[in-house]
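Just below is one structure, and these are the notes that go with it.
The values are calculated or read from the model by the stated rules, or taken from the named source; none is laboratory data. Being a predicted model, the structure only gives us computed values, none of them experimental. Every residue, glycine among them, receives a Cβ derived from its backbone with ideal geometry; neighbour counts consider all protein chains shown. What goes into the accessible areas is simple: the full protein's heavy atoms, side chains included, and nothing from ligands, DNA or RNA. Shrake-Rupley method; radii C 1.70, N 1.55, O 1.52, S 1.80 Å.
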Amino acid sequence: MLNHRCTLLLVRGLPGSGKSTFVHSIAPLDFAWEEADHYMIDDDGNYKFEPTKLEYAHQCCQENTRNYLLSGTSVGVSNTSTTEKEVESYKKIAEETGANFVSLIVENRNNTESVHGVPDHTMVAMRKRFSVKL
């Protein structure tokens, strides 16, 4: 069943930009929230990035997003989503479920560092491939 009242809010930005902080600041909204980082938590509740889990984490985010929208719940996704392909995957989910699609980019104007220990060379590569469609 398609539900045109739902919204898929994609919150994008480089590591350390404040995506999760932003999401938590608007948490009182009636949205479900997904992010790949949720699938990088170890048994003790600590974040531990594991590259081998990245594909699985993104698959879970996309599947859960689709399920939320189909059930009539708006959903926000906060991932880096640096490439057009990554953005398009969520836009397609919104189209398939009849949801509104909004992409929001969070800039790192405070020069904060990622709490996830992303190496400098990885950050440089992410900056270079970050796609913005105006």
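Please work out the average accessible area per residue across the stretch 1-83, using the 1.4 Å probe convention, and give it in Å².
Accessible area per residue: 55 Å².
Kindly sort Arg5, Arg129 by accessible area of their heavy atoms, largest first, with the probe set to 1.4 Å.
These residues rank, largest area first, as Arg5, Arg129.
Full-extension gain between Ala125 and Arg5, please, as 0.36 nm times their residue separation minus the C-alpha to C-alpha distance.
39.5 nm
Nearest-5 percent of antiparallel DSSP beta bridges in the stretch 1-110?
5
Would you compute, from DSSP H runs of 4+ residues alone, the mean residue ellipticity of the chain at 222 nm, taking -39500 (n - 2.57) per run and dividing by the full residue count, rounded to the nearest 500?
-11000 deg cm²/dmol
Give the relative contact order (percent, whole number) for the chain; include only Cα pairs under 8 Å separated by 6+ residues.
Dividing the mean separation by the residue count of the chain yields 45 percent.
Over the chain, with every protein chain in place, what whole percent of the accessible area is carbon and sulfur at 1.4 Å, could you tell me?
52
Any idea what the dipole of the chain comes to, in debye rounded to 20, about its Cα centre with Lys/Arg Cβ at +1 and Asp/Glu Cβ at -1?
With only Lys, Arg, Asp and Glu charged at Cβ, the dipole is about 580 debye.
Quick one: length gained pulling Glu55 to Asn111 fully straight, 0.36 nm per residue minus the C-alpha distance?
Additional length available on full extension: 17.3 nm.
Please name whichever of Cys60, Val115, Val102 sits farthest to the positive end of the charge dipole of the chain, dipole taken about the Cα centre and charges placed at Cβ: Lys and Arg +1, Asp and Glu -1.
So the residue we want is Val102.
With all protein chains present and a 1.4 Å probe, how do Leu14, Leu29 order by accessible area, largest first?
Largest accessible area first, the residues go Leu29, Leu14.
Go through Ser20, Ser71 and list them by solvent-accessible area, largest first, probe radius 1.4 Å.
I get Ser71, Ser20, largest accessible area first.
Provide the solvent-accessible area of His24, counting protein heavy atoms only and rolling a 1.4 Å probe, rounded to the nearest 10 Å².
My reading of the accessible area for His24 is about 130 Å².
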